[in-house]
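A short worksheet on the structure shown next.
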Amino acid sequence: MNPHLPAGHDAIFTANQIVAHLVGDYLLQSDWMAREKHRRLDAAALHVFFYTLPFVFITQEPVALALIAVLHLVVDHFGVARYLAWLKNRPWPGSLPWAECRKTGFPPDMPVWQSSWLLVIIDNTLHILTNGIVLHYFG
């Protein structure tokens, strides 16, 4: 229970959860893991193992740690952020079919630096949202 919030209003997103995410996703992920996690399940699984380690300092609940690991594996290995990037633009005029946007989820004429950064932001947002919800309800 957070002493700075009114009773019954525990924070879902906390600094320690965000720091654990950053350590696991950036400091503990090798270049090999980052390159191969979309293609190879063993690379994704190894990344997820190291990703989950910092969360042990937040919770020792096996269900919470397992959910964090599984959700991270799904988001990373299957490139869920790409699909979300594409879907959020579907209702608007000029949206392109998936076949033209599959690399990043964004139109191919978008500058590479922009689509890359937006994809990283969407990916991180998904991880922080799922981790916060898991830790709130299971941690």
Among 43, 20, the single one that is in contact (Cβ under 8 Å) with a residue 40 or more places away in the chain, in a helix (DSSP H, G or I) and among the small types (Gly, Ala, Ser) is 20
Quick one: residue 59 ticks every box in (1) hydroxyl-bearing (Ser, Thr, Tyr); (2) touching a residue at least 24 places away in the same chain (Cβ under 8 Å); (3) in contact with a Lys or Arg (Cβ under 8 Å, 6 or more places away or on another chain) bar one, so which box is it?
(3)
One residue is enough: does the range 66-76 have a residue meeting the conditions at pLDDT 95 or above, closer than 24 Å to residue 12 by Cβ and not aliphatic (A, V, I, L, M)?
yes
Assess whether residue 134 counts as being under 30 Å from residue 58 (Cα atoms), in a helix (DSSP H, G or I), in contact (Cβ under 8 Å) with a residue 40 or more places away in the chain and of a type in the set (A, V, I, L, M, F, W, C).
yes
Top-ranked residue of the range 113-130 - restricted to ones that are polar (S, T, N, Q) and under 15 Å from residue 18 (Cα atoms), ranked as surrounded by the fewest Cβ atoms within 10 Å (Cβ to Cβ):
125
So, of the residues in the range 46-77 that are in a loop (DSSP other than H, G, I, E, B) and not charged (D, E, K, R), which turns out to be nearest to residue 31 (Cα to Cα)?
58
Over the range 78-112, the set of residues part of a helix (DSSP H, G or I), surrounded by fewer than 12 Cβ atoms within 10 Å (Cβ to Cβ) and of a type outside the set (Val, Ile, Thr) is 99
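The values are calculated or read from the model by the stated rules, or taken from the named source; none is laboratory data. Because the structure is a prediction, the values reported are computed rather than measured. So basically every Cβ, Gly included, is an ideal-geometry build from the backbone, and we count neighbours across all protein chains shown.
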